[in-house]
Structure formats: C-alpha cells, structure tokens
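Have a look at the structure below before the remarks.
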Amino acid sequence: MVDPMLNGTTTRWPFFVFMGGSMFCLLASTVCHLFTCHSKPVAILLMRIDYAGIAIMIATSFFPPIYYVFQCTPIWQWVYLGSISTMSILTVALLFAPVFQGGEYRAFRAMLFLTMGMSGLIPAVHAVATNWHEPFCAVTIAHEGIMGCFYSIGAMIYVARIPERWKPGVFDLGGHSHNLFHVLVIAGAYTHYRAALLFLEWRDLRACP
C-alpha cells in the first residue's frame, strides 16, 4: 500500500487539522493533570482548557471524513463543517461558564461531548448513502464505528465513575474512571487516525471529475 502522506495530489490540511486538534486536546489534558494542584484559580482555568480541548478534538475529527467524502459537493462540506464548528464554539462557551464547573454538572459536560459526537451520524448516513458502492465504504464504517464505541464507552465510564464507585479507595492511584476514560480516548483517536488515512488515500485515487 502506498503511503498517502507521501504521494497523491489531494490537499492535506483537513488531516492536519484533525492531528492538531488531537494534539491540543492531549497537551491540554497533560498540563491540566500536572498543574491542577498549584492553586484553586489555576485548577479552574486548566480544567476549562481541558474541557475545551475535548470539544476541539471532537470538532476537528469531523474534518477529514467530511472534507474528503464531500469534496465533490462543496456545499455539503461547508454545511457539515460549519455546523460542527459552530457547535464546538457554543460548547466551549458553555464549558467556560463558571456555573457549569461544579461536580454536579459532570453528566451535563459529558452530554455536551456526546451530543457533538452523535451529530456526526447525520453526515455519516449521508456519506454511506452516496458512497455505498465504494469498496472502502465498509472498512471506514468499521473504523468509525469502533471509534464511536471507544468514545461512548469512555464517556459512560466517566459519568458513572466505574469502578471506583464499587470499591471506594481501591482505585485512587490507578484504574479509576478517569484513567479508563483517557485510555479509551486515545484508542478512539488512533482508530480515527487510521480511518482518516483511508479517506485520504481513497480521495487520492478517486479525484473529482
């Protein structure tokens, strides 16, 4: 298989938008976990940036599949990319609001992220309906389905606080819901990365008329 990052003529910026969003999310999370203990004001600021990173990562994940699948129909490109970008901005604005910082809004924050992710079902159905005859279709659907499962399970574990709610104190240092959430997010991001390469390679081989 030819490495699509080294050959082909299709523009690469949507792929790098996704990569940049993912790296920002993971960097924001790392900084948050390292310096949250500094002081309460710093902790609040870093947690907001951490939440913003998640929203940005979700939004930028839409760019490769939507851009490459709808490259021949630009109107749908901008409808879907504009919608997820707007949703991301509104989500970040809500997450930065002080009223939603408390632990009682844990489920609300997770629901915002799930809503952003689930909104991808609309362009996904559209893409499958218009490209069902393409050989790559089943493979990319499988990748994206697995990615969705990783993210959804991670969000549910995060909200339910499993397994520490079953054995309080046992998972304080490792194996608690936040650990599992991060592992599943990385797994989902990697799966989407593989799918993005497939979209890119497919568009290199199937240029628009």
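The values are calculated or read from the model by the stated rules, or taken from the named source; none is laboratory data. Since the structure is predicted, the reported quantities are computational estimates derived from the model, not experimental observations. Because the Cβ atoms are built from the backbone with ideal geometry, glycine has one as well, and the counts that use them run over all protein chains shown. Accessible surface areas use protein heavy atoms only, side chains included; no ligands, DNA or RNA. Shrake-Rupley method; radii C 1.70, N 1.55, O 1.52, S 1.80 Å.
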- Message: Considering only residues that are open to solvent by 70 Å² or more (accessible area, probe 1.4 Å) and either hydroxyl-bearing (Ser, Thr, Tyr) or part of a loop (DSSP other than H, G, I, E, B) (or both), which ones fall in segment 122-164?
- Response: 132, 133, 135, 161
- Query: Which of the residues spanning segment 187-209 are more than 22 Å from residue 124 (Cβ to Cβ) and not small (Gly, Ala, Ser)?
  - Reply: 209
- Message: Tell me yes or no: at least one residue of segment 77-93 is within 14 Å of the chain's Cα centre (by Cα) and aromatic (Phe, Trp, Tyr).
- Response: no
- Query: Would it be correct to say that residue 175 is surrounded by fewer than 16 Cβ atoms within 10 Å (Cβ to Cβ), part of a helix (DSSP H, G or I) and out of contact with any strand residue (DSSP E or B) (no Cβ under 8 Å at 6 or more places or on another chain)?
  - Reply: no
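Being among the polar types (S, T, N, Q) and either open to solvent by 40 Å² or more (accessible area, probe 1.4 Å) or modelled with pLDDT of 85 or more (or both), is that true of even one residue in segment 106-121? I'd like the intermediate steps shown before the answer.
Within segment 106-121, the subset among the polar types (S, T, N, Q) is 115, 119.
Among the residues that remain, those that are also either open to solvent by 40 Å² or more (accessible area, probe 1.4 Å) or modelled with pLDDT of 85 or more (or both) are: 115, 119.
Among the residues of segment 106-121, at least one is among the polar types (S, T, N, Q) and either open to solvent by 40 Å² or more (accessible area, probe 1.4 Å) or modelled with pLDDT of 85 or more (or both), which makes the answer yes.
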- Query: Which residue pairs have Cβ atoms closer than 7 Å, lie 6 or more positions apart in sequence or on different chains, and pair a first residue in segment 40-57 that is aromatic (Phe, Trp, Tyr) and at pLDDT below 90 with a second residue that is surrounded by 16 or more Cβ atoms within 10 Å (Cβ to Cβ) and assigned to a helix (DSSP H, G or I)?
  - Reply: 51/95; 51/109
- Six or more apart or on different chains, Cβ under 7 Å: which pairs go from a residue in segment 159-184 that's among the aromatic types (Phe, Trp, Tyr) to one that's outside any loop (DSSP other than H, G, I, E, B)? Could you list them? 181/154; 181/157; 181/158
- Query: Just checking, which of 75, 66, 89 is under 27 Å from residue 47 (Cβ atoms) and in a helix (DSSP H, G or I)?
  - Reply: 89
- Taking segment 159-187 on its own, how many of its residues are in contact with a His (Cβ under 7 Å, 6 or more places away or on another chain) and closer than 15 Å to residue 58 by Cβ? 0
- From 86, 91, which residue is closer than 29 Å to residue 30 by Cα and surrounded by fewer than 20 Cβ atoms within 10 Å (Cβ to Cβ)? 86
- Task: Give segment 67-113 a look and list any residue that's hydroxyl-bearing (Ser, Thr, Tyr) and closer than 15 Å to residue 49 by Cα, or say none.
- Result: 88, 91
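So that you can scan it fast, the table gives a plain yes or no per residue for (1) more than 25 Å from residue 108 (Cα to Cα); (2) of a type in the set (A, V, I, L, M, F, W, C); (3) in contact with a Ser or Thr (Cβ under 6 Å, 6 or more places away or on another chain):
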{"position": "143", "(1), (2), (3)": "yes, no, yes"}
{"position": "159", "(1), (2), (3)": "no, yes, no"}
{"position": "187", "(1), (2), (3)": "no, yes, no"}
{"position": "193", "(1), (2), (3)": "yes, no, no"}
- Note on the structure: Given (1) basic (Lys, Arg); (2) within 28 Å of residue 42 (Cα to Cα); (3) surrounded by fewer than 17 Cβ atoms within 10 Å (Cβ to Cβ), residue 167 misses just (2)
